[in-house]
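A.B. asks: Here it is, the structure, as structure tokens.
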Amino acid sequence: MAVVDPPRLVPARMRVRDIVRVGGVGLRTRPTRAFLSALGIAIGIAAMIAVVGISASSQAQLDRQLAALGTNLLTVTPGQTMFGEDAKLPPESEAMIGRIGPVTSVSAVGRVKGEKIYRTDKIPVVNTGGLATYAARVDLPATIGATVRNGTWLNGATARYPAVVLGATAAERLGIGRADPDRQILIGDVWFTVVGILDPVALAPELDSGALIGWEAAESYLGFDGYATVVFTRSDEDQVENVRNVLAATANPQAANEVDVSRPSDALSAKRAAGAAFTGLLLGLGGVALLVGGVGVANTMVISVLERRAEIGLRRSLGATRGQVRTQFLTESLLLSAMGGVGGVLLGAAVTIGYSTFQDWPFSVPFWSVSGGLGATLFIGGLAGLYPAIRASRLSPTEALTTP
Amino acid sequence: MIKLSEATKVYAGGVHALSGVSLTIESGELVAIVGPSGSGKSTMLNVLGTLDRPTSGTVSIDGYDIARLSDRELSALRASRIGFVFQQFHLAAGMSALDNVADGLLYGGVPLAERRRRAEVALQRVGLGHRTHHKPHELSGGERQRVAIARAVMGDPPLLLADEPTGNLDTASGAGVMALLRELHAAGTTIVIITHDRELADGLPRQVRMRDGRVVGDSAHTPVPLADTAVT
């Protein structure tokens, strides 16, 4: 009997829509389980997104702060002499610095040594509260960007009389909430009237725990020697480095090595680098959470394959190839983790929004963290689904069908 | 349609589920394969349905020697030529009758809309046109088996294999299902019903009796080794 070979049999390709539909069958029939294992992934992703988002928001806040404060403030302080003694800035240094071309403003404070500050004369002498007295130039706030929270700053008149403006920390330690003509504090053995209280000064934080009095008042009431201990200068933004290079020599031409020059905004920028290191650590913890979520998905998928042997057998009898069964379970795993990933991104973004709103920060979730997070979930979902999917496809159809 | 010669299936451990079975089923037949449990009739169903290959001997379905086909090709053969009906129905719990039936051609490369349209027709054909959107748990046993039959025949396969199709049904529902299978047979489908129920088998045009992995009686042919030459 001559047999004519029948045409070759080729399995039909499944359409993408059918692949997704079939991959979602397990999720639709067991929504609670799908939700819980997606939640595992979501928590991991949310943790990572929130860590990155909060750190990015905090940096955005730092950038905004730096932009508002300006990075063109330089400070000049006396260093030490060659013999290790404290140096002094020459009295002319302020005027000489002011004559540097790009410098736009100069101001100074002088530490008044040895004069302790007390709220009243009833307080024991040893309880100094760690506060310092500074003689301040009248134009100080404009140069360092300080703002008065309450009351007024010193003016030409009050600078000559016993009037004091307290830094934010100093006011808190002394228990003084607002400026008041009747409110007096004791500096040394002279009563000073509190005329104003400053907001915290970001670029000169040492002034926060200081009591600022007029230059002339310091000289006449407290025996201040008149030497500036910090000179603040602002210069044109693009000339800051040039000014910095000549500042020491200008402030003390005879002993430029006894002068320290610094840029306070550098300290804020350094904070940013420190924050980044910490973020890396937290990100690692988020990654561990994500990995645990991935193990959860793998577990769900293994159980799903065990429970659905009969379904696998049926699909094989309907003509599914091994590859199509494998694709089905891999798709299910990917869908599961993608759901978790999208949920996690939304959750993480919500946490970031909440936290930065609470902190009054600008809100920022970097795009790379979102795309990286979603990419990581798909990778983990694929990895978690691979083994169960291969197991499902290796199942013999007859064994699968006889499973009760 | 189906041609087995000296088909043998030995399972690990030396169990001879089929020992040298030769059998020919022509296109358009309605055949019962009947025997007690352990007679090898389930293995017979697996081999006829290409879910399993014989250890030795040849099995050819619709002209294809299944021993020479790869797993992919066997899948394509099942998708295009064989419909299955199982005792346990094997319907997906969360899906409507319509979508369960529409899955019958899921692996046949037919788009969803067309599958649903044909599923609708198939459900009407089994008398469940009014139940298309019910889920399996909202249907009676007989209705569920009708849905399973609709799924098996919606692609118009030339061969329908039914494994104890009335095994989980009461008498009335079982009779309804059998009547439906006869109708499908009358419309031209080759149907093989595997059953242990002699009464049911006796009501069909041809009975193949099995015991201990051998064909011990065939109402149409004499089961002797020379059966091949005796085909009329």
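The values are calculated or read from the model by the stated rules, or taken from the named source; none is laboratory data. Everything numeric in this text was worked out from a predicted model, so none of it was measured. All Cβ positions, glycine included, derive from the backbone under ideal geometry; neighbour counts span all protein chains shown. The area values use the complete protein model at the heavy-atom level, side chains included, leaving out ligands, DNA and RNA. Shrake-Rupley method; radii C 1.70, N 1.55, O 1.52, S 1.80 Å.
A.B. asks: Accessible area of chain B with a 1.4 Å probe: how many percent of it is carbon plus sulfur?
C.D. replies: 50 percent
A.B. asks: So if the hydrodynamic radius of region B:117-201 is defined as the Kirkwood radius over C-alpha pairs, what does Stokes-Einstein give as its diffusion coefficient at 4 °C and 1.567 mPa s, in µm² per second?
C.D. replies: Using the Kirkwood radius from Cα pairs, D works out to 99 µm²/s.
A.B. asks: Grab the beta carbon distance between B:Tyr11 and A:Arg64, set R0 = 45 Å, and tell me the FRET efficiency rounded to 0.05.
C.D. replies: E between B:Tyr11 and A:Arg64, to the nearest 0.05, is 0.05.
A.B. asks: Among A:Ala12, A:Val109, A:Ala60, which residue has its Cα positioned farthest towards the positive end of the charge dipole of region A:1-125, with +1 placed on the Cβ of Lys and Arg, -1 on the Cβ of Asp and Glu, and the dipole taken about the Cα centre?
C.D. replies: A:Ala12
A.B. asks: Moving on to the next point. Among B:Asp218, B:Asp103, B:Asp71, whose mean-square fluctuation peaks in a Gaussian network model of chain B (Cα, cutoff 10 Å)?
C.D. replies: Judging by the Gaussian network model, the answer is B:Asp71.
A.B. asks: Amide H neighbours of A:Ala163 under 5 Å, counting only residues 5+ apart in sequence or on other chains, H built in-plane at 1.01 Å?
C.D. replies: A:Thr193, A:Gly214
A.B. asks: Does region A:73-262 classify as rounded, prolate or oblate by the C-alpha gyration tensor (a ≥ b ≥ c root eigenvalues; a/c under 1.5 gives rounded; else a/b over b/c gives prolate, otherwise oblate)?
C.D. replies: Judged from the Cα gyration tensor, region A:73-262 comes out prolate (a/c at least 1.5, a/b above b/c).
A.B. asks: Sticking with this one: Using each residue's phi in region A:160-167, evaluate 6.51 cos²θ - 1.76 cosθ + 1.60 at θ = phi - 60° and report the 3J(HN,Hα) Karplus result to the nearest Hz, with x for Gly and Pro.
C.D. replies: Taking θ as phi minus 60°, the curve returns 9, 10, x, 10, 9, 10, 9, x Hz for region A:160-167.
A.B. asks: Count neighbours as other Cβ atoms within 10 Å of each site's Cβ, and list the chymotrypsin sites (Phe, Trp or Tyr not before Pro) in region A:162-229 that are DSSP loop with at most 16 such neighbours.
C.D. replies: A:Tyr227
A.B. asks: Over both sides of the B-A contact, add up the buried accessible area with a 1.4 Å probe and give it to the nearest 100 Å².
C.D. replies: 2900 Å²
A.B. asks: On to the next question. Treating the angle as unsigned and between 0 and 90°, give the value, to the nearest 10°, between the Cα long axis of helix B:171-186 and the longest Cα principal axis of chain B.
C.D. replies: Rounded to the nearest ten degrees, it is 80.
A.B. asks: Still on this model: Sum -39500 (n - 2.57) across every DSSP H segment of at least 4 residues in chain A, then divide by the residue count to get the 222 nm mean residue ellipticity, nearest 500.
C.D. replies: -17500 deg cm²/dmol
A.B. asks: Between helix A:240-251 and chain A, what is the angle of the helix's C-alpha long axis to the longest principal axis, kept within 0 to 90° and rounded to the nearest 10?
C.D. replies: Rounded to the nearest ten degrees, it is 30.
A.B. asks: Counting Lys and Arg as +1 and Asp and Glu as -1, what is the net charge of the other residues whose Cβ lies under 13 Å from the Cβ of A:Ile213?
C.D. replies: 0
A.B. asks: Check the straight Cα-Cα distances from A:Lys122 and name the lysines below 25 Å, setting aside those fewer than 8 residues away within the same chain.
C.D. replies: Straight-line reach from A:Lys122, under 25 Å: A:Lys113.
A.B. asks: Can you work out the accessible area per residue across region B:15-137, with the rest of the protein chains kept in place, probe 1.4 Å, in square angstrom?
C.D. replies: 36 Å²
A.B. asks: Tabulate in residue order the Karplus-calculated ³J(HN,Hα) for region A:201-218, using 6.51 cos²θ - 1.76 cosθ + 1.60 with θ = phi - 60°, rounded to whole Hz; enter x for Gly and Pro.
C.D. replies: The phi angles translate into 9, 5, 8, 9, x, 5, 6, 4, 9, x, 10, 9, 10, x, 4, 5, 4, 4 Hz.
A.B. asks: Once the other residues with Cβ under 14 Å from the Cβ of A:Thr193 are scored (Lys, Arg +1; Asp, Glu -1), what is the net sum?
C.D. replies: Value of the local net charge: +2.
A.B. asks: So how tilted is helix A:322-359 from the main axis of chain A? Cα-based, degrees 0 to 90, rounded to 10.
C.D. replies: The two axes meet at around 20 degrees.
A.B. asks: Now for a separate question. With the other protein chains left in place, how much accessible area per residue, in square angstrom, belongs to region A:73-262 at a 1.4 angstrom probe?
C.D. replies: 47 Å²
A.B. asks: OK, next. Among rounded, prolate and oblate, which fits region A:194-286 when a ≥ b ≥ c are the square roots of the eigenvalues of its C-alpha gyration tensor, a/c under 1.5 means rounded, and a/b larger than b/c means prolate?
C.D. replies: Oblate is the answer for region A:194-286, as a/c is 1.5 or above yet b/c matches or exceeds a/b.
A.B. asks: Applying 1/(1 + (r/R0)^6) with R0 = 30 Å to the Cβ-Cβ distance of A:Leu281 and A:Tyr387, what FRET efficiency is obtained, to the nearest 0.05?
C.D. replies: The formula returns an efficiency of 0.45 here.
A.B. asks: Need the per-residue list for region A:362-404: every residue with at least 10 Å² less accessible surface in the complex of protein chains than in the chain by itself, probe 1.4 Å, sorted by number.
C.D. replies: A:Pro397, A:Thr398, A:Leu401
A.B. asks: B:His137 versus B:Asp202, label points 7 Å from Cα toward the beta carbon: distance in nm?
C.D. replies: For B:His137 paired with B:Asp202, the spin-label model returns 4.1 nm.
A.B. asks: Next up: Using the Karplus equation 6.51 cos²θ - 1.76 cosθ + 1.60 (θ = phi - 60°), what ³J(HN,Hα) coupling, rounded to whole Hz, does each residue of region A:35-44 give in order, writing x for Gly and Pro?
C.D. replies: With the stated coefficients, region A:35-44 comes to 4, 5, 6, 5, 4, x, 5, 4, 5, x Hz.
A.B. asks: In addition: How big is the dipole moment of the protein assembly as shown about its Cα centre under a simple scheme where the beta carbon of each Lys and Arg is +1, that of each Asp and Glu is -1, and everything else is neutral? Debye, nearest 20, please.
C.D. replies: In debye, rounded to 20, the protein assembly as shown gives about 2360.
A.B. asks: Right, another one. Please report the carbon-and-sulfur percent of the accessible area for chain A; probe 1.4 Å, protein heavy atoms only, DNA, RNA and ligands left out.
C.D. replies: So the carbon and sulfur contribution to the accessible surface is 60 percent.
A.B. asks: With heavy atoms of protein chains only and a 1.4 Å probe, what residues of region B:32-66 have at least 50 Å² less accessible area in the full set of chains than alone?
C.D. replies: Buried-area filter returns B:Leu51, B:Tyr64.
A.B. asks: Moving on. Average projected area of the Cα convex hull of chain A, in nm²?
C.D. replies: Computing the convex hull of the Cα atoms and averaging its projections yields 33.7 nm².
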